[in-house]
Amino acid sequence: MKKAIVLLSGGMDSATLLWLAKREFDKVWAISFDYGQRHQVELKYAKGLAELAEVEEHIIVKLPIYESIKGSALIDESVEVPSEDYPENEPPITTVPMRNLNFLSIASAFADALEIDHIGIGVHALDTPYPDCRPEFITSAESAINAGSILTAKKKVRIHVWAPFLGMSKREIALLGKELGVPYEKTYSCYRGTEPPCGECPTCRQREEALQGIL
Ligand SMILES: [Zn+2]
């Protein structure tokens with residue numbers, strides 16, 4: 001039986017990944033994180049999506065450590081989410097230190113305990129300014145997970161960090177999602193966390209561009 005646990009933020013990329021996982025795997029779990037993010041409202045959307053996708057279980061993990069970390073616009077209230085485009089070659093101010101390392105390590109604990117051999121993460125080509133979204137990070141995380149896994153040690157089962165969007169643009173993800181029937185109107189991406197979304201932050205604009213003619 002093919003099983004996957006998918007990192008679900010409530011945004012368009014992870015929603016598409018969840019719908020793709022439903023097509024590719026027999027049993028699918030979702031995991032979301034409450035890390036004190038400015039756009040905490042995304043968790044409400046994540047819950048709705050997990051329900052619609054009829055996952056085995058939607059695990060929500062609290063990560064209060066990020067309350068103590070300053071300097072990122074997503075977790076530090078004194079730092080604003082910019083309106084101008086993110087820089088192309090350096091980590092944007094919206095980078096949360098080691099977020100994906102923490103997310104993957106926690107997801108891998110559930111994967112190990114539940115004997116799930118795929119951990120899905122929706123990183124894509126536009127995410128590369130974020131260091132923990134780069135292909136070399138994904139590969140290294142997978143190696144570390146397998147080196148420390150009970151499942152791997154006991155049953156020789158390899159745990160895969162499944163990142164099928166790595167080489168894809170956001171537009172390509174949206175087109176795939178359209179084919180999969182992803183309910184994009186039930187996803188949320190704004191980094192400012194307003195309802196309705198601000199429409200101005202780079203994340204809002206990237207989403208709008210990708211979903212043009214789809215939503
Ligand atoms: Zn926004």
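See the values below:
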quantity: The chain: relative contact order as a whole-number percent, Cα under 8 Å and 6+ apart; calculated: 26
quantity: Among Ala153, Ala50, Ala109, residue whose mean-square fluctuation peaks in a GNM of the chain (springs only between Cα atoms under 10 Å); calculated: Ala153
quantity: Residue-normalised accessible area of the chain, expressed per residue, 1.4 Å probe, Å²; calculated: 49
quantity: Computed over region 140-203: relative contact order in percent, which uses C-alpha pairs under 8 Å that are six or more apart; calculated: 17
quantity: Over 18 Å between alpha carbons, listed pairs Lys2/Lys155; Lys47/Lys186; Lys27/Lys170; Lys2/Lys22; Lys22/Lys47; Lys22/Lys170; calculated: Lys27/Lys170; Lys22/Lys170
quantity: Angle in degrees between helix 12-24 and the longest Cα principal axis of the chain, rounded to the nearest 10; calculated: 30
quantity: Centroid-to-centroid separation of region 151-191 and region 1-46 [C-alpha atoms, Å]; calculated: 8
quantity: Only Lys, Arg (+1) and Asp, Glu (-1) charged, at Cβ; region 3-210 dipole about Cα centre in debye; calculated: 620
quantity: Principal-axis tilt of helix 42-52 within the chain, Cα atoms, nearest 10 degrees; calculated: 50
quantity: Among beta bridges that DSSP assigns inside region 3-210, antiparallel share in %, nearest 5; calculated: 0
quantity: DSSP loop GluC sites (Glu not before Pro) with at most 16 other Cβ within 10 Å excluded, longest remaining stretch of the chain; calculated: 116-199
quantity: Computed [θ] at 222 nm, deg cm²/dmol, the chain (DSSP H ≥ 4; -39,500 (n - 2.57); rounded to nearest 500); calculated: -11500 deg cm²/dmol
quantity: Loop-resident sites, region 30-109, for trypsin sites (Lys or Arg not before Pro), counting at most 12 other Cβ within 10 Å (DSSP); calculated: Lys70
quantity: Accessible area of region 57-215 belonging to carbon and sulfur atoms, whole % at 1.4 Å probe; calculated: 54
quantity: Angle in degrees between helix 135-148 and the longest Cα principal axis of the chain, rounded to the nearest 10; calculated: 40
quantity: For Val6, residues with placed amide H under 5 Å, excluding near neighbours; calculated: Trp29, Ala30, Ile31, Gly120
quantity: Check: region 1-56 dipole with +1 on Lys, Arg Cβ and -1 on Asp, Glu Cβ, in debye; calculated: 40
quantity: Compactness index (Cα Rg / 2.2 N^0.38 Å), region 58-215; calculated: 1.13
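The values are calculated or read from the model by the stated rules, or taken from the named source; none is laboratory data. Model, not experiment: these values are computed from the prediction. Cβ coordinates were reconstructed from backbone atoms using ideal geometry, including for glycine residues, and neighbour counts include every protein chain displayed. Calculation scope for accessible area: heavy atoms of the full protein, side chains included, ligands and nucleic acids excluded. Shrake-Rupley method; radii C 1.70, N 1.55, O 1.52, S 1.80 Å.
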